[in-house]
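Trainee: Got a structure for you, questions after.
The values are calculated or read from the model by the stated rules, or taken from the named source; none is laboratory data. Bear in mind the structure is a predicted one, so any value in this text is a computation, not a measurement. Cβ coordinates were reconstructed from backbone atoms using ideal geometry, including for glycine residues, and neighbour counts include every protein chain displayed.
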Amino acid sequence: MMSTTIKICIVDDDEIYRFTIIKILESLQLPTKTTTFSDGEQALDFISDHLDQDYELPDVIFLDIDMPVMDGFQFMDEYEKIRSRVGKNITIFMVSSSLDPVDIERAKNIGAITDYLVKPLVSVQLRTILEELIQ
Amino acid sequence: MSTSNSNPNLQGEYNKIFIEQAPTAIAMLDNEMRYLAVSQRWLKDYKMERQRIIGLSHYEIFPEIGDDWKEEHKKCLEGAINTCDEAPFKRADGSIQWIYWDVRPWYISEGIIGGLLMHTGDITHLKEREQEKARIETILEQTNEVARIGTWEFNVDNNKIYWSKIIREIFEVTEDYKPDFETSLNFFKVGRSRDKAKNAYSNAMVDGAPFDLELEIVTAKGKNRWIRAIGQVEPAEGKENRLFGIFQDISKMKFSEIALNRAHSELKAIFNSKSIGIISTDKDGIIKNFNQGAEALLGYSASEMIGLERPLIYLLKDEIIKFKHDIALSTKKDPSNFDHYTDLSEEDVNDTREWTYRRKDGSTFPTLSTLSAIKNSNGKNEGFIAVTTDISEIKNVQHELLRKNRMLNVAEKITLMGHWQWDTIRNVVKWSTNLYSIFGIEEGLTNLTYETYFSFVHPADKEIVTEYFDKAANDKRFYSFTHRILTAKGQLKTVQLMGEIITNDQGEVVEMIGTCQDVTEQKMAEKKFRGLLESAPDAMVIVNSKGKIQLINKQAEKLFGYPAEELFNKSVETLIPERFIPEHSTQSEHFFARPRTREMGQGKELYALKKNGQELPIQISLSPLHTEEGLLVSAAIRDITKQKIAEHKIIKSKENLEAIAQKLRHQNKQLASYSHITSHNLRAPVSNLNALLSLYKQCTNEAEKIVLFEKFETVIQHLTSTLNTLVAALKIKNSNDTEDLEDINFDAILHKTKEILSYEILNSNAVIKSDFTNCSQIRSNRIYLESIFLNLIGNAMKYRSTDREPHIDIQSTLEKNGNIVLRFKDNGLGIDLERHGHKLFGLNKVFHRHPDAKGVGLFLTKTQINSLGGDISATSKVNEGTTFTINFN
């Protein structure tokens, strides 16, 4: 059972996407706290900085694939290295507008990835995910 | 005779008395040829003592006087004188009386002839003696001639030698040959004969000793002869100045004597021989002689045997009975109770046969013995002599020979072979047993000649057979050949003849010997093999272990352009291009070391060399052929020119297909990239639009709606920009126009780029260095090239390190393959290629958090370079700089 407030982390370089997700999450009226990062490196740095501080660590990460500096897959490679030391079990969704089956297959083969979601994420989809997490 | 007219009557009386008393034969005749007076001698010579002839006519007394004499008398009565030293007077009784005469007239008075005075002499006895002497001399001469006796004389004073005709003949010198002492001595054979001759001469000269020697001479013509030389001295005035004598040619006698001596020695040697047994008996069968050979053969001593009656002791009874029977028949005697000792008196017996002799120790051995009758001077049989040799060895050899002959017969039967001998001088031919069988005739057929053999030769082959035998006789070498025969039983066979030529000392062919093998089956097999070979679809070449071609089929003749005869026994390398020969030799050795059916030169391209020098691609299958001539290799050769052309076409097509596939893959990749770009770069803003629209619909707050609308604008701008880039890229990709290509100077392009970026260059203190010396220009699209320079130099300044002034080095090089390579090296921020390398040239891919980074420049640059047929790559180190390398194909 999760804490009542779900800490959501949006990792995406697309500013509009980040904006719309925050808006959708707000519209869901669920106890969430959203943090955003514009590339994988920033998100990884944050997790690395808060490994033992599980209250700071996100419960769920919506991770874009195509990003500058560090893309989603590179993030996962690095995250794997620190995963054992991460203070909680973070649910990670790979999110992309790409329908490239190579990307989809690759993402699904990564054990720490829960699912591959195709943009745009809609409110029903987010609600279901978050409610499952809350339960 | 003188005349006187003082008292003619008295004178006449005196004359008569004188005539009558004259010791010689004188007759006085008147003019009428009547006797007036005759001497007693006249009457005696003409045997008329008791006749009264006075007053009778001379012609009446001698009626045999012919007219010729009468004519002479007339002439004398007229005053002529007729004399004759000797003349035959053929008397009336037929006898010849040799007389001489002197007939002349006598005168009554001066000039008046009273008649004739005849003075004759009977010289018949002298004449007869003379004739007898001549006859004796002739006989002597003839005897000398027959006895080959010649006379010689040596005058010591003048060193002159006289040789009679016979001596010249003996010495074989010409009639004008003039011998002297020295040269005549040289005719005596060097050694004993010459020494003896010299001694004889010395002794004769010193002591006057006569000599009688047998000496050997060497004639002028080099023949050896024997002469008997007899000589003696004729002293004159107390010194020996003449040597004379005879030489008799005694060669025949001497040589006979020598031959006789030799024969005697030989006979003696034979009798003393230890290997030939000689035993003689007298007419009663008592052994008289038992030589050493007989002792050695039989183990008995002569003393043990001589005196024994009948040699039954060492003979087998059965053989004696058989011998007696045979001898009885041969001498036409009754065989029953026949005994050759008692029943033969003067019949010739000369019997040679094999006997079994029994030795003293009881062992027996085979002998060959000739038994002959010994005859006395009256031709009566005195006994027998047996000459015997031990033929054990011969028998062994005979047995061995028989055994070998039997083996040869068996071998000949197995190999279907026979052998023959042809005495070409006598045209006598001998065949082995199996040769009769090959020709299908009975072995008993005798009097074989070349014609016998020739009669079996197939009519169509007779000419070639004659040619071969003629050639063999001419070349003195027998060439092996095959021909067909029709046997006595009508079978058609093929035979192979091999042979040798035998010549005499003069090099003339006297004999041919050889073999004749029935190769019918072989020929059939050969024909079958030939048939198979010819029916093979491939060219077939059969080679021996020395690499010599033994057989090729028609297909091979056609393929290589050689007639089969030309290639026979030629090296197989004749058919191989020179560059393949070394490898072929090695491969050939390997094959013969481990012969097995296999493809030659697997995986390698093989070529054959035709007679016209043309090469053609081939495929070869090798198979070992184990034959009587050793291991052969059969090579099935297939011309694969068509396959090669097809293969070439296939390869070309494959290459084309691969090129097309490559192009398609490239296009697919590009399409995939496009699809990705489309899906990502278009789907992202579209999904944003959808999300914004959804929010917008739900939004009730106007202020929020404005915010949302601003977001719409951003997304739409982004989408527009992306679409513009994609359109630009599509334009680049679709541009395939070579018309836009021109020769562009790198310096000019750089110069223009620097002008465009002059502000940034000035602002950043950038140092741009270039080196286009290796390659100053390129044939390309000017717009693209300007864009490429602008993007890469622009990026270098945009992503420069804040720690240092930007340095940009641009260099062009012309590679060995003709490609032009451009390098842009900077000392900027660098890119983590491990992390971003895969999306370095992707659309909207940025690797920095740089505000100007849009991820379009490198995408378009790569698209442009690709469209020009080149490619771009990068090496980089973070915070050290990046080098972009463009390879223009």
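Trainee: Please go through segment B:584-613 and pick out each residue that is surrounded by 12 or more Cβ atoms within 10 Å (Cβ to Cβ) and modelled with pLDDT of 90 or more.
Mentor: B:Tyr607, B:Ala608, B:Leu609, B:Lys610, B:Lys611
Trainee: Give the residue that is nearest to the other protein chains (Cβ to nearest Cβ), with candidates limited to residues of segment A:3-19 that are surrounded by fewer than 17 Cβ atoms within 10 Å (Cβ to Cβ) and outside any helix (DSSP H, G or I).
Mentor: A:Thr5
Trainee: On to the next question. When the residues of segment B:348-369 are narrowed to those that are under 15 Å from B:Leu312 (Cβ atoms) and touching a residue at least 12 places away in the same chain (Cβ under 8 Å), which ends up nearest to the chain's Cα centre (by Cα)?
Mentor: Among those residues, the one meeting the criterion is B:Ser369.
Trainee: If you don't mind, there's one more thing I want to ask. Restricting attention to segment A:70-97, report how many residues are within 22 Å of B:Leu833 (Cβ to Cβ) and in contact (Cβ under 8 Å) with a residue 12 or more places away in the chain.
Mentor: Quick first cut of segment A:70-97, residues within 22 Å of B:Leu833 (Cβ to Cβ) only: A:70-81.
Checking which are in contact (Cβ under 8 Å) with a residue 12 or more places away in the chain leaves us with A:70-76, A:78-80.
Of the residues in that region, 10 qualify.
Trainee: Any residue in segment B:615-640 that is at negative phi and among the basic types (Lys, Arg) sitting within a Cβ distance under 8 Å of a residue that is surrounded by 18 or more Cβ atoms within 10 Å (Cβ to Cβ) and not in a strand (DSSP E or B)? List the pairs, counting only those 6 or more apart or interchain.
Mentor: Short answer, once both residue conditions are applied: B:Arg638/B:Asp538.
Trainee: Further, regarding this structure: Do the conditions hold for A:Tyr17, that is, is it touching a residue at least 12 places away in the same chain (Cβ under 8 Å), over 21 Å from B:Pro685 (Cα atoms) and among the aromatic types (Phe, Trp, Tyr)?
Mentor: Values: touching a residue at least 12 places away in the same chain (Cβ under 8 Å): yes; over 21 Å from B:Pro685 (Cα atoms): no; among the aromatic types (Phe, Trp, Tyr): yes.
No, not satisfied.
Trainee: So for segment A:86-94 (the condition being in contact with a helix residue (DSSP H, G or I) (Cβ under 8 Å, 6 or more places away or on another chain), of a type in the set (S, T, N, Q) and within 14 Å of chain B (Cβ to nearest Cβ)), does at least one residue qualify?
Mentor: no
Trainee: Right, A:Pro68: farther than 25 Å from B:Phe847 by Cβ and within 14 Å of another protein chain (Cβ to nearest Cβ) or not?
Mentor: Against the criterion (farther than 25 Å from B:Phe847 by Cβ and within 14 Å of another protein chain (Cβ to nearest Cβ)), A:Pro68 does not qualify.
Trainee: Of the conditions (1) assigned to a helix (DSSP H, G or I); (2) more than 14 Å from chain B (Cβ to nearest Cβ); (3) polar (S, T, N, Q), A:Thr35 clears all except one; give me its number.
Mentor: (1)
Trainee: Limited to segment A:95-115, what total is found for residues that are away from chain B (no Cβ under 14 Å) and not in a helix (DSSP H, G or I)? Spell out how you get there, then give the answer.
Mentor: We begin by selecting, within segment A:95-115, every residue away from chain B (no Cβ under 14 Å); these are A:105, A:107-115.
Next, only the ones that are not in a helix (DSSP H, G or I) stay: A:109-115.
Qualifying residue count, segment A:95-115: 7.
Trainee: Picking from A:Leu57, A:Leu51, A:Leu63, which residue would you name as being away from chain B (no Cβ under 14 Å), aliphatic (A, V, I, L, M), in contact with a helix residue (DSSP H, G or I) (Cβ under 6 Å, 6 or more places away or on another chain) and assigned to a loop (DSSP other than H, G, I, E, B)?
Mentor: Selected residue: A:Leu51, the only one of A:Leu57, A:Leu51, A:Leu63 that is away from chain B (no Cβ under 14 Å), aliphatic (A, V, I, L, M), in contact with a helix residue (DSSP H, G or I) (Cβ under 6 Å, 6 or more places away or on another chain) and assigned to a loop (DSSP other than H, G, I, E, B).
Trainee: Could you please find all residues in segment B:126-174 being aromatic (Phe, Trp, Tyr) and touching a helix residue (DSSP H, G or I) at 6+ places or on another chain (Cβ under 9 Å)?
Mentor: Of everything in segment B:126-174, those that are aromatic (Phe, Trp, Tyr) and touching a helix residue (DSSP H, G or I) at 6+ places or on another chain (Cβ under 9 Å) turn out to be B:Trp152, B:Phe154, B:Trp163, B:Phe171.
Trainee: Taking helices (runs of 4 or more DSSP H) that do not extend beyond segment B:683-765, which have at least 2 residues that are in contact with a strand residue (DSSP E or B) (Cβ under 9 Å, 6 or more places away or on another chain)?
Mentor: B:683-698, B:746-756
Trainee: For the subset of segment B:702-718 comprising residues that are without any contact (Cβ under 8 Å) to a residue 12 or more places away in the chain and closer than 13 Å to A:Lys23 by Cα, which member is farthest from the other protein chains (Cβ to nearest Cβ)?
Mentor: B:Lys705
Trainee: Please pick out the residue among B:Ser345, B:Ser330, B:Ser336, B:Ser372 that is of a type outside the set (Asp, Glu), out of contact with any His (no Cβ under 6 Å at 6 or more places or on another chain), without any contact (Cβ under 8 Å) to a residue 24 or more places away in the chain and under 23 Å from B:Ile287 (Cβ atoms).
Mentor: Only one candidate passes the filter, namely B:Ser372.
Trainee: Pick from segment B:139-152 the residues that are out of contact with any Asp or Glu (no Cβ under 9 Å at 6 or more places or on another chain) and modelled with pLDDT of 85 or more: which of them is surrounded by the most Cβ atoms within 10 Å (Cβ to Cβ)?
Mentor: B:Trp152
Trainee: Another question about this same structure. Restricting attention to segment A:20-30, does a residue exist that is more than 14 Å from chain B (Cβ to nearest Cβ) and at negative phi?
Mentor: Restricting attention to segment A:20-30, the residues satisfying the condition of being more than 14 Å from chain B (Cβ to nearest Cβ) are A:30.
Filter once more, so that each one left must be at negative phi: A:30.
Taking every residue of segment A:20-30 in turn, at least one turns out to be more than 14 Å from chain B (Cβ to nearest Cβ) and at negative phi.
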